[in-house]
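Step one of this worksheet: look at the structure below.
The values are calculated or read from the model by the stated rules, or taken from the named source; none is laboratory data. Computed from a predicted model, the values in this text were never measured in an experiment. So basically every Cβ, Gly included, is an ideal-geometry build from the backbone, and we count neighbours across all protein chains shown.
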Amino acid sequence: MEGNSADIDHDKMSASELIKIVLERNKDPSLELLLLSISKKISTEPTRGTTVLDLVLSNSHIISDVSLLPPLFNSDHNVVEFKVSEEIASPIAFPMPDYMRADYVSLNQYLSGIDWLHVFNHYTSATDVYRRFCAQLYAALSKFVPFKTQRLPGLTYPPHLQSLFAQRQRLFDSLSDPLTDPLYRKVCSDVDHHLKKFLANYERRLASKRNLKSLFGFIRQKTRSHASLPVLTDMSGLHHCSDEGKASALGKYFSQVYTVSSRNVGRTAAHECSRFEHGCSDVYFDPSSVLNLLRKLKPSTTEPFDGIPPIVYNKCASSLFLPLAHIFNISLLLGEVPDAWKHAIVTAIPKIPNASLVSDFRPISITPPPIKVMERIIRDKLSTWLDRFHVVPSEQHGFVSGRSTTTNLIDCIHDWSLALNEGKCVDVIYMDLSKAFDKVSHPKLLNKLESFGIRGRLLSWFESYLDSRHMVVKVGRSFSKSYPCTSGVPQGGALSPLLFLVYTADLASFLNTSINIRVRFYADDIKLYGAYSKDNQTVVQSTLRNSVERMMEWASSWDLPVNLSKCVVLHIGEPAPIVYEVNGVALKTCDVVSDLGVLIDSRLSFSGQVDSVVKKAYGALFKLFRNTHISDPKVMVRLYKAFVLPHLNYCSEVWNPTLKKDRRKLEKFLILSNVVSLLTVTAWLDLVASFFSSHAYSVAFSSGTSSITIPSVVQDMLLTLLIDDLNLVHVESFL
């Protein structure tokens, strides 16, 4: 580790004292782990001139033979060499099915010859039917899917590079001062040249494929700053380094989030039944629909609980759609979901950058592909039914066709801008529901489904779908023990977003008690706001307080707790802000709020958002250039669009800069390199041409627009058409 300071007397300080100083000066939370274990200094010799910059510290006697070697290449730090007297267990290479090299032609022929009606004859349950289906599929896979032994991750270098590596090491070990030796420097130069050439050829081969997924994955792996799952800290403060420990810690935490709620029906569910004279009780699973959805599955080799990955269903769609359609219809007829479909393998996805606490992760469920296909068909049927009766409120922008974070923010910014133009102020309260998707009450969700007309077999199927669910957390090749999921909708399922919208469908009408208050949703992100002048400030703020109290009442009634520590208030305008309290807790007031990933300040200037976007784009661009060796402009444009452009495009219709200083920052970034200039001239114009006639070009160029204006004009025009189509706001006032 680095102790970067010349004013530290390493000889007189203990290891713990040195670590404390390093922590104070480095401000790196990950180094706190060292304080728990370090007890011994191994090396305090100067590593850069007369300055001690590099330390070797240990909590045991496994470190020995510490010595200093000359710097590598052009570095000014000496190399610190030491031996570790510890046995490192070699990873066990288990044979794994190689689904990428399976003989799918023969597999399809084999599966097409199976008499599935005979296989399913005299079934006793949906679980029994699916078990018979899997037995046939397992037997077929054993015949046509070869096995492979997984090799260690990393590239396999060609013999000439391996020879250069060995030659460089021999010279380094044998020469007294290798850094100044011409032969050593020549070999290092050859290594650098041939390594760059090898990587460029490797990237070129990946880029020659029609699907650039493998190239994107390779670049993403190189640009990733740390491992996907670092050292984790659980809620008791214990640290977990092994995959087994991480899986157990995450599984324990995720299971504690779930709740067991009563079957008391919420206050808004019962009276809704009168709206639905006819219920929605049946769904027919047409084989052609099943076939289309199977072909749309991603050909992933990730194995779910039953061990059959999506690539098998995708490649064998023509031979599996009929038996699967039969299974789906049996499942709905019996109102029973096969047990294997209710067991999920959970992967932990970080919610924030540099996540290290178990609470910083979100559980995403991996379920068998058949239930995903069945869920999508039921989702389409349920969505059509709910849209017919306008169950999902217009204030909801999450998981709704044609709506997004952009439309949510445009809707709000439109209201706030009009208020500022009229000399008014706006108070915005951001409410945070704690673990909303994981705390949805199953009994109350079923009651809501019934109140919205879901009855009969379909309601029974939903009851089986939610009942007796289990999950295990997977980290690497390690699994946690199985935990029951007593509440929530499985994140990652096709039905989960729609079920959450059903669960919160009545919240908008419950909060809209005054024309002075408006509410906007994006899934579980909730905003309450009211515009006021000096004449009605007291009335509006009092009404806003009342809406917050009603929000707390609704959340308590439906078992969705509000995290008051994450609820914030944003005051837009000039008057002195007031303090909003909930249950005696004052909500935090902020000058800048991250609203769905866009920084919004009290003046709606978006200068902070522009700075943030430019910083992220610079970082992504430099990472891309530093980690790629390919020079093909077409490939670089595609890489730019995949890794850099999303930072510039996200909700750009909302924060599109109007100040010259902000526009200059973006334009400076866009002309940073020839590759970026190439993109703005060709790729964006191609995008324009795909949506508009050639007249759009003449309008853009004749008006003297700059490179940043062309894509902005296109996106604004597209958004205007969307707003007009969805009737989000009055287009005339928006323009």
Taking helices (runs of 4 or more DSSP H) that do not extend beyond the stretch 421-521, which have at least 1 residues that are β-branched (Val, Ile, Thr) and over 28 Å from PRO230 (Cα atoms)?
496-503
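Here's the yes/no breakdown for (1) buried (at least 18 other Cβ atoms within 10 Å of the Cβ); (2) assigned to a helix (DSSP H, G or I); (3) at pLDDT 75 or above:
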| site | (1), (2), (3) |
| --- | --- |
| PHE216 | no, yes, yes |
| ILE219 | yes, yes, yes |
| HIS226 | no, no, no |
| ALA247 | yes, yes, yes |
| TYR253 | yes, yes, yes |
| SER289 | no, yes, yes |
| LYS298 | no, no, yes |
| THR301 | no, no, yes |
| PHE305 | yes, no, yes |
Picking from ILE345, ILE371, ILE352, which residue would you name as being outside any loop (DSSP other than H, G, I, E, B) and out of contact with any Lys or Arg (no Cβ under 6 Å at 6 or more places or on another chain)?
ILE371
Within the set of pairs 6 or more residues apart or between chains, which connect a residue that is more than 17 Å from GLN162 (Cβ to Cβ) inside the stretch 178-194 to a residue that is of a type in the set (S, T, N, Q) and exposed (fewer than 11 other Cβ atoms within 10 Å of the Cβ) with Cβ atoms less than 6 Å apart?
none
Look through the stretch 425-459, keep the residues that are buried (at least 17 other Cβ atoms within 10 Å of the Cβ) and small (Gly, Ala, Ser), and return whichever of them is nearest to the chain's Cα centre (by Cα).
ALA436
Can you list residue pairs whose Cβ atoms sit under 7 Å apart, with the first residue in the stretch 103-116 being outside the structural domain of VAL129 (by TED's automatic domain parsing) and farther than 19 Å from HIS326 by Cα and the second being at pLDDT below 95 and part of a loop (DSSP other than H, G, I, E, B)? Count only pairs 6 or more apart in sequence or on different chains.
none
Let me spell it out: the conditions are (1) modelled with pLDDT of 90 or more; (2) out of contact with any strand residue (DSSP E or B) (no Cβ under 9 Å at 6 or more places or on another chain), and ASN583 meets all of them except one. Which number is the exception?
(1)
Yes or no: TYR110 modelled with pLDDT of 90 or more, surrounded by 15 or more Cβ atoms within 10 Å (Cβ to Cβ) and in a loop (DSSP other than H, G, I, E, B)?
no
Within the stretch 496-551, how many residues are among the hydroxyl-bearing types (Ser, Thr, Tyr) and closer than 30 Å to HIS442 by Cβ?
7
Just wondering, is there one or more residues in the stretch 651-664 that are touching a Pro at 6+ places or on another chain (Cβ under 6 Å) and either within 30 Å of LEU199 (Cβ to Cβ) or in a helix (DSSP H, G or I) (or both)?
yes
Hey, among LYS424, LYS439, which residue is touching a residue at least 60 places away in the same chain (Cβ under 8 Å) and under 30 Å from VAL346 (Cβ atoms)?
LYS439
Lone unmet requirement of (1) surrounded by 22 or more Cβ atoms within 10 Å (Cβ to Cβ); (2) of a type outside the set (Phe, Trp, Tyr); (3) within 30 Å of SER542 (Cα to Cα) for ALA523
(1)
For the stretch 388-413: of the residues being at pLDDT 90 or above and hydroxyl-bearing (Ser, Thr, Tyr), which is surrounded by the most Cβ atoms within 10 Å (Cβ to Cβ)?
THR407
Which numbered condition in (1) touching a Ser or Thr at 6+ places or on another chain (Cβ under 9 Å); (2) closer than 23 Å to PHE521 by Cα; (3) of a type in the set (Lys, Arg) is the only one that ARG626 fails?
(2)
Name the one entry in VAL265, VAL257 that is at pLDDT below 85 and over 19 Å from the mean Cα position of the chain (by Cα).
VAL265
Out of everything in the stretch 228-245 that is of a type in the set (Ser, Thr, Tyr) and within 22 Å of the chain's Cα centre (by Cα), what residue ends up being surrounded by the fewest Cβ atoms within 10 Å (Cβ to Cβ)?
SER228
I need the full set of residues from the stretch 498-540 which are within 15 Å of ILE429 (Cβ to Cβ) and among the β-branched types (Val, Ile, Thr), in order please.
THR513, ILE517, VAL519, ILE526, VAL540
The number of residues in the stretch 195-219 that are within 25 Å of SER300 (Cβ to Cβ) and without any contact (Cβ under 8 Å) to a residue 60 or more places away in the chain is 11
Taking the stretch 119-138 and keeping residues modelled with pLDDT of 95 or more and surrounded by fewer than 12 Cβ atoms within 10 Å (Cβ to Cβ) leaves ALA135
Within the stretch 607-615, is even one residue farther than 19 Å from GLY597 by Cβ and outside the structural domain of HIS414 (by TED's automatic domain parsing)?
no
Within the stretch 186-214, residues in a helix (DSSP H, G or I) and surrounded by fewer than 14 Cβ atoms within 10 Å (Cβ to Cβ) come out as LYS186, SER189, ASP192, HIS193, LYS196, LYS197, ASN201, ARG205, SER208, LYS213, SER214
